[in-house]
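The structure appears below as structure tokens.
The values are calculated or read from the model by the stated rules, or taken from the named source; none is laboratory data. Here the structure is a predicted model, which is why all the values come from computation and not from measurement. For neighbour counting, all protein chains shown are included, and Cβ atoms are generated from backbone atoms with ideal geometry for every residue, glycine included.
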Amino acid sequence: MATQEEQIQALKDDLFREVPYEDPRNRVRTTPMQVLNLSFLRTGSMTMQAALTQLGFRCFHSVTSFFPAIQETDLWIEALNRKFRPEGPPLTKEDFDRMLGHFSAVSADAPAICFAEELINFYPDSKVILIERDIEAWHKSYCNTIVKNMHDPWNVLVANYINPGYVGKLYWVHTTWRKLWIGANDADEHRVKSKQVYREHYDLMRRITPKERLLEFKLTDGWEPLCQFLQVPVPETPFPRVNDTEAYAALVNAVVMRGFVSVMKKASLYISAIIVVGVGWVAFR
């Protein structure tokens with residue numbers, strides 16, 4: 001079984017992989033949507049992504065799906081505005097096929113879970129997974145990762161002023177769901193309101209999901225109940241264990257620093273050119 005360091009490095013490698021550009025607005029569904037892990041953020045979403053991937057599903061998770069294909073964020077921001085403001089026509093299955101048409105699974109991450117009702121309704125053959133943590137332990141983890149990083153002044157600076165074209169797009173898709181779904185305009189509101197949204201989300205999921213489509217799962221349950229529910233063979237390898245807190249922090253730092261360094265490299269080229277021109281002017285005047 002891979003160590004935590006190896007797992008995080010593998011996530012970083014996946015994060016910055018080269019992906020051929022594809023206009024998502026022209027996308028159609030190429031694989032059936034089979035699994036919807038609609039648990040809240042900070043409930044083991046990276047572990048579940050690893051598990052579902054190991055079972056053969058191509059799994060959406062914003063941390064690893066947006067970063068190599070930044071253009072995808074525009075569709076999700078548009079969808080959030082259409083649902084919560086609303087702006088534009090109602091969302092359709094075709095909209096979600098454009099956003100998720102190349103995935104067969106979703107793993108517990110925003111902005112996808114902001115559309116839990118739509119996903120359950122538009123993909124009636126999919127199986128739904130719910131993982132619920134003790135709310136106090138969950139809230140501490142959520143505040144120490146999601147809230148902390150989303151409102152960190154350095155991250156906000158890089159997103160808005162240093163690298164708005166890459167880090168900024170990632171920042172704004174998450175800022176949009178935080179404002180429209182959580183209803184939080186600042187860090188204090190985010191900490192307070194997230195608890196109630198957490199409770200409401202699980203109440204909603206249990207109310208609208210047919211019982212035969214729902215698995216209430218704990219990560220400690222391992223492969224057997226998950227594989228039985230999804231009707232797939234049980235792997236011989238151990239159930240994955242990804243430390244979501246360490247992995248999330250490492251990936252956020254990697255993205256922010258990559259955005260900062262890329263801008264500094266571009267800036268250094270201009271500075272170098274100015275210096276060369278200046279030296280030449282002094283030498284030959």
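Values as computed for the structure displayed
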item: Selection count where residues are free of Cβ contacts under 8 Å to residues at least 60 places away in the same chain, crowded, with 20+ Cβ neighbours inside 10 Å and not in a helix (DSSP H, G or I), scope region 42-97; result: 4
item: Complete set of residues in region 101-132 that are modelled with pLDDT under 95 and not small (Gly, Ala, Ser); result: His102, Asp109
item: Residues of region 162-204 classified as small (Gly, Ala, Ser), modelled with pLDDT of 95 or more and assigned to a helix (DSSP H, G or I), total; result: 2
item: The lone exception for Phe103 - which of (1) buried (at least 21 other Cβ atoms within 10 Å of the Cβ); (2) of a type in the set (A, V, I, L, M, F, W, C); (3) not in a loop (DSSP other than H, G, I, E, B) it fails; result: (3)
item: Filter result for Val147 (in contact (Cβ under 8 Å) with a residue 24 or more places away in the chain and in a strand (DSSP E or B)); result: no
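One line per residue, one yes/no per condition, for (1) more than 18 Å from the chain's Cα centre (by Cα); (2) hydrophobic (A, V, I, L, M, F, W, C); (3) exposed (fewer than 15 other Cβ atoms within 10 Å of the Cβ):
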residue: Thr175; (1), (2), (3): no, no, no
residue: Lys195; (1), (2), (3): yes, no, no
residue: Glu200; (1), (2), (3): yes, no, yes
residue: Leu204; (1), (2), (3): yes, yes, yes
